[in-house]
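All remarks here apply to the structure that follows.
The values are calculated or read from the model by the stated rules, or taken from the named source; none is laboratory data. Given the structure is predicted, the values throughout are model-derived calculations rather than measurements. Glycine gets a Cβ as well: all are built from the backbone with ideal geometry, and neighbour counts include every protein chain shown.
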Amino acid sequence: MAIVSSAAAGLRAASRATIIQLRAPGLSIAALEKEATELVAAASIPVVVSSRCDVALATGAAGVNLPDRDISVTAARALLGRSLIGRSVHSFGAAQRAEREGADYVIFGPVWESASHPGTKPASLDALAQLVRSVGIPVLAIGGVTQARVNEILAVGAAGYAAIRLFE
């Protein structure tokens, strides 16, 4: 999953990703909607919008990825129906709760040190492996993901990875 902050960045990343997450917390809702509309129309792969069910609905995005402290997956499902709903999590309990509420996937991390989460203690590859075994939905690793670490992520059973810098 390529995590991008604009339609242009998403289109540049699309050939190297299986899904795009538009995450642009600094944009106004109108600007986010404009970026999402452009990206959904032009992308050859599914697009999810970070945190904004309303923008996902308005633009025809494939779904939404919810930060850990966002609305519940249950509430998002009531709004979005069968759309793709993911949850970013930092603990086993949060991942298990997301699964119980009907999330389609979770993004877990940071697995390694990450510039986008300074001061956050990395969870570790072992923790990722344990989480993969504790839930029945796909788990994506995030945080410090490099091309060299992709095989490690897949070897512990994760469905894949989400990254910002890897797709820049």
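Details
Yes or no, residue by residue, for (1) in contact with a His (Cβ under 7 Å, 6 or more places away or on another chain); (2) surrounded by 15 or more Cβ atoms within 10 Å (Cβ to Cβ); (3) of a type outside the set (Gly, Ala, Ser):
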position	(1), (2), (3)
Gly63	no, yes, no
Leu84	no, yes, yes
His90	no, yes, yes
Gln96	no, yes, yes
Glu101	no, yes, yes
Gly109	no, yes, no
Ser114	no, yes, no
Pro118	no, no, yes
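- Checked against the criteria, Arg69 does not count as surrounded by 17 or more Cβ atoms within 10 Å (Cβ to Cβ), more than 30 Å from Ala42 (Cα to Cα) and among the basic types (Lys, Arg).
- Those helices (runs of 4 or more DSSP H) lying entirely in the stretch 51-168 with at least 1 residues modelled with pLDDT of 95 or more, within 24 Å of Leu32 (Cα to Cα) and aliphatic (A, V, I, L, M): 53-59, 73-80
- Among the criteria (1) within 17 Å of the chain's Cα centre (by Cα); (2) surrounded by fewer than 17 Cβ atoms within 10 Å (Cβ to Cβ); (3) farther than 30 Å from Pro122 by Cβ; (4) of a type outside the set (Val, Ile, Thr), the one Arg77 does not fulfil is (2).
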